[in-house]
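Trainee: Got a structure for you, written out below as structure tokens; questions coming shortly.
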Amino acid sequence: MLSEMCPAVLSQLKLFLLSAKGQFSPHLSVNDKSLKHRFRHACLGFLLLMSSGTYVAAEPSHGIAMHGIPKYNKSFSHLSYVNPDAPKGGRISYGSHGSFDSLNPFLLKGVAPRGLWDVEYGRNVYESLLTRADDEPFSLYGLLAEWVDLPEDRSSIAFKIRDEAEFSDGHPIDADDVLFTIDLLREHGRPNYKNLIKRIKNIERVSDSQIRFVFNDGGDRELPLLIGLFPVLPKHAIDPEKFAKSGQYQFIGSGPYLIDRVDPGTRLLLKRNPNYWAQDLPIKRGMDNFDEISIEYFRDNTAMFEAFKKGAFDMLPESDPARWAKQYDFTAAKEGKVLQKTFVSRLPKGMSGFVFNTRRDVFSDRRVRRALASLFDFEWVNKNLYHGLFRRSGSYFQNSDLSALGLATSALENTLLGPFKSEFDTDILDGSYMPVSAKDSREMRKVMGIALKQLNEAGYSLVDGVMKSAKDGKPLAFEFLATTKEQERLALAYSRILERLGITMSIRTVDSAQYWERRKTMDFDMMKMSWSASLSPGNEQYSRWHSSQRNKDGWFNQAGADDPAVDAMIDALLAAKSSEEFTSAVRAFDRSLMNGYYVVPLFYKADSWLGVWSHIGIPKGKPLGGYASKTWWDKRAE
């Protein structure tokens, strides 16, 4: 039986006996209270284990990886892309477009500000059991958790919460907080949380500091890692009823910052918690360097850029090539106070495009979507609007080994796609598919001719200058939903080509609040969307593209994808055990999305552009994304 015991429990017993050497009497006369505490936990784990006889796991570890092993060993002192000696103090201010009407980032209701639980600006207020290293595809290291126990078959995962982990009010974090959070998110959380929680078969509270999740099977090999990235919220400080109502209800977390001031819809101010429990952990060294973080909101991009020029906030990720090329000639830039930084990202570029809402009858036919997707005049738009600085999007994992663009299907892909290959266009399987880009007006006329033929095959014909359905005589017409001037400008360029084929695309521009509400409820025909990509795509693809998410309100399956091939490829990439299996599954998934023609592909930047005030310190080491603002510091604090 001992050979089948959880190594985590054996480890605790061993540590106890070693530390108790010379102090342990037959009558348990131990003076060290912490020693007694550890002994009780070890014994409890032992008794639970002996009673069940079912917990067989790997050695507890400081970190885990989706594929292979983590980069950093147990004795690492800091991550390679931080400045471990970065000074603490000062402040940073971020600018963001739009507004917010909630302080709860875990609900679907409302729009929460960035910076509370945010990949780009930091998970500053709330924390998880594990945390990512940004210079690895998908490796996790203990944050709230001291160690993690993940068996090879990934049928379960166990965590030991650090003894020193605590919320900002000093209340210790324990297994009950984890259980409380799971129940809270199961009942009220965003759809992505609910979908993951459904796959948990059982949760075992091993002790006050240990908790174990058991899954229905090990088919979704990413699931245990994602459980480790769930927030852990305070049971003692949250009213579930108030939590569910969203609004301005505030609750505490365990992160390095506290909510200090909220100007509804316009500004959020965070202040460093001087008693932050994890400030000396290796995984946090060189991070959380500012005393204050503010996020300022602006109604439009023009006002936002003008505010940046005046120093209202410190950094601006630049998406407009015209502005990047010609408008950084203001006084602060000329004096060297504002710098133009270019960062090379080693992450896939993802997809940017005009998404078709396939729930609408006008876009339900794949042949119609294929024809419409060919009519975006990329070459003209890139030259006349963006100084030729963009490249055409074609893959959902562009510029990476995960992309299928330009590659014929491999043997493994053929096996995966076998039952569905008859539904695929030949050029998508043989690698010759590329998004249509006409070089000049002559080529555009040819493209329009091909699109007209495709629309004819789909049951449309040009009647008196209007594209109409032969079935019911309805014109081919739809609405584009926009919220920025840039979106309007792109939509107008697209509509001019559509008009030449008798297709009507009206453009409706709404404010930020209405835009996000209509996006969440899928109340649109077409809109501009961007899908980020990583080197470890997983369950986020389920939320974005799986047929089960088609009729659920949320921020995810905007296209309304409902394709057995897409569903099967998501299952395959989640179940992949080796890197080769994973790459093949993602490429097959990429092809299935291309074949669905869910978007009019737009474009991407090869590099990341950033305008930043010179008093912001940036480490020399580079994460995969090029930069990580949570590692920056204020030079004025040096």
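The values are calculated or read from the model by the stated rules, or taken from the named source; none is laboratory data. Keep in mind the model is a prediction, meaning the values are calculated, not measured. Positions of Cβ are backbone-derived with ideal geometry, glycine not excepted, and every protein chain shown enters the neighbour counts.
Trainee: What single numbered condition from (1) modelled with pLDDT of 95 or more; (2) farther than 21 Å from Thr131 by Cβ; (3) surrounded by 18 or more Cβ atoms within 10 Å (Cβ to Cβ) fails to hold for Asp239?
Mentor: Here Asp239 meets the rest and fails (3).
Trainee: I would also like to ask the following. Are any residues in segment 118-160 assigned to a strand (DSSP E or B), within 18 Å of Pro256 (Cβ to Cβ) and not polar (S, T, N, Q), and if so, which ones? Steps first, please.
Mentor: At the first step, the residues of segment 118-160 found to be assigned to a strand (DSSP E or B) are 118, 122, 128, 130-132, 139-142, 145-149, 156-160.
Still in the running and within 18 Å of Pro256 (Cβ to Cβ): 118, 122, 128, 130-132, 141-142, 145.
Asp118, Gly122, Leu130, Arg132, Tyr141, Gly142, Ala145, listed by residue number.
Trainee: Tally the residues that are exposed (fewer than 14 other Cβ atoms within 10 Å of the Cβ), more than 24 Å from the chain's Cα centre (by Cα) and not basic (Lys, Arg), restricting the search to segment 328-358. Steps first, answer last, please.
Mentor: Pass one, segment 328-358, residues exposed (fewer than 14 other Cβ atoms within 10 Å of the Cβ): 329, 331, 334-337, 340, 342, 344.
Filter once more, so that each one left must be more than 24 Å from the chain's Cα centre (by Cα): 329, 331, 334-337, 340.
In the following step, the residues that additionally are not basic (Lys, Arg) were identified as 329, 331, 335-336, 340.
Looking only at that region, the number is 5.
Trainee: Let me ask another. Here is a check on your reading of the model: is Gln398 within 23 Å of Tyr598 (Cβ to Cβ) and either assigned to a helix (DSSP H, G or I) or more than 30 Å from the chain's Cα centre (by Cα) (or both)? So that I can check it myself, show each step before the final result.
Mentor: Details: within 23 Å of Tyr598 (Cβ to Cβ): yes; either assigned to a helix (DSSP H, G or I) or more than 30 Å from the chain's Cα centre (by Cα) (or both): no.
Taking the combined requirement at face value, the residue does not satisfy it.
Trainee: Give segment 112-139 a look and list any residue that's touching a Gly at 6+ places or on another chain (Cβ under 7 Å) and within 25 Å of Asp314 (Cβ to Cβ), or say none. Give the steps one after another, and end with the answer.
Mentor: Of segment 112-139, the ones touching a Gly at 6+ places or on another chain (Cβ under 7 Å) are 115, 121-130, 134, 139.
Correct list: Gly115, Tyr121, Gly122, Arg123, Asn124, Val125, Tyr126, Glu127, Asp134.
Trainee: Let me ask you something else. With Ala513, Ala533 as the choices, which residue is under 30 Å from the mean Cα position of the chain (by Cα) and assigned to a loop (DSSP other than H, G, I, E, B)? Step through it out loud before you land on a result.
Mentor: Numbers: Ala513 fails: assigned to a loop (DSSP other than H, G, I, E, B).
Among Ala513, Ala533, only Ala533 is under 30 Å from the mean Cα position of the chain (by Cα) and assigned to a loop (DSSP other than H, G, I, E, B).
Trainee: Same structure again: Among (1) in contact (Cβ under 8 Å) with a residue 24 or more places away in the chain; (2) β-branched (Val, Ile, Thr); (3) out of contact with any helix residue (DSSP H, G or I) (no Cβ under 9 Å at 6 or more places or on another chain), which single condition is Thr426 missing?
Mentor: (1)
Trainee: Would you check if there is a residue in segment 112-130 being in contact (Cβ under 8 Å) with a residue 24 or more places away in the chain, closer than 13 Å to Gly63 by Cβ and touching a Leu at 6+ places or on another chain (Cβ under 7 Å)?
Mentor: Yes - at least one qualifying residue is present in segment 112-130.
Trainee: Consider Val436 carefully, then state whether it is under 23 Å from Val362 (Cα atoms), modelled with pLDDT under 95 and among the hydrophobic types (A, V, I, L, M, F, W, C).
Mentor: Criteria met by Val436.
Trainee: OK, next. Considering every residue within segment 172-186, establish whether at least one is assigned to a loop (DSSP other than H, G, I, E, B), buried (at least 18 other Cβ atoms within 10 Å of the Cβ) and in contact (Cβ under 8 Å) with a residue 12 or more places away in the chain. Lay out the reasoning, then the answer.
Mentor: Let us first name the residues in segment 172-186 that are assigned to a loop (DSSP other than H, G, I, E, B), namely 173-174.
With buried (at least 18 other Cβ atoms within 10 Å of the Cβ) added as a condition, the list becomes 173-174.
If we keep only those that are in contact (Cβ under 8 Å) with a residue 12 or more places away in the chain as well, we get 173-174.
The answer is yes; a qualifying residue exists.
Trainee: Please indicate, with yes or no, whether at least one residue in segment 543-556 is surrounded by fewer than 20 Cβ atoms within 10 Å (Cβ to Cβ), over 19 Å from Arg360 (Cβ atoms), of a type outside the set (D, E, K, R) and in contact with a strand residue (DSSP E or B) (Cβ under 6 Å, 6 or more places away or on another chain).
Mentor: No, segment 543-556 contains no residue that is surrounded by fewer than 20 Cβ atoms within 10 Å (Cβ to Cβ), over 19 Å from Arg360 (Cβ atoms), of a type outside the set (D, E, K, R) and in contact with a strand residue (DSSP E or B) (Cβ under 6 Å, 6 or more places away or on another chain).
Trainee: Next question. Which condition breaks for Leu225 when tested against (1) over 23 Å from the mean Cα position of the chain (by Cα); (2) outside any loop (DSSP other than H, G, I, E, B)?
Mentor: Result: Leu225 fails condition (1) only.
Trainee: Can you pull out every residue in segment 559-596 that is in contact (Cβ under 8 Å) with a residue 40 or more places away in the chain, surrounded by fewer than 24 Cβ atoms within 10 Å (Cβ to Cβ) and part of a loop (DSSP other than H, G, I, E, B)?
Mentor: Those that are in contact (Cβ under 8 Å) with a residue 40 or more places away in the chain, surrounded by fewer than 24 Cβ atoms within 10 Å (Cβ to Cβ) and part of a loop (DSSP other than H, G, I, E, B): Gly560, Ala561, Asp562, Ala576, Lys577, Ser578.
Trainee: Turning to a different aspect of this structure: So is Ser543 in contact with a Gly (Cβ under 8 Å, 6 or more places away or on another chain) and in a helix (DSSP H, G or I) or not? Working first, answer last.
Mentor: Values: in contact with a Gly (Cβ under 8 Å, 6 or more places away or on another chain): yes; in a helix (DSSP H, G or I): yes.
For Ser543, the condition - in contact with a Gly (Cβ under 8 Å, 6 or more places away or on another chain) and in a helix (DSSP H, G or I) - is met.
Trainee: When you look at Val338, is it assigned by TED's automatic domain parsing to the domain that holds Leu455 and at negative phi, yes or no?
Mentor: On the way: assigned by TED's automatic domain parsing to the domain that holds Leu455: no; at negative phi: yes.
For Val338, the condition - assigned by TED's automatic domain parsing to the domain that holds Leu455 and at negative phi - is not met.
Trainee: Take segment 257-303 and flag every residue that is of a type outside the set (D, E, K, R), without any contact (Cβ under 8 Å) to a residue 12 or more places away in the chain and assigned to a loop (DSSP other than H, G, I, E, B).
Mentor: Step one: of segment 257-303, the residues of a type outside the set (D, E, K, R) are 257-259, 262, 264-266, 268-270, 273-279, 281-283, 286-287, 289-290, 293-295, 297-298, 301-303.
With without any contact (Cβ under 8 Å) to a residue 12 or more places away in the chain added as a condition, the list becomes 274, 303.
Across segment 257-303, the qualifying residue is only Pro274.
Trainee: Further question: Quick one: what pairs do we get from segment 395-408, first residue in the same structural domain as Glu580 (by TED's automatic domain parsing) and touching a residue at least 60 places away in the same chain (Cβ under 8 Å), second surrounded by 15 or more Cβ atoms within 10 Å (Cβ to Cβ) and among the aromatic types (Phe, Trp, Tyr), C-beta under 6 Å, 6+ apart or different chains?
Mentor: Ser403/Phe397
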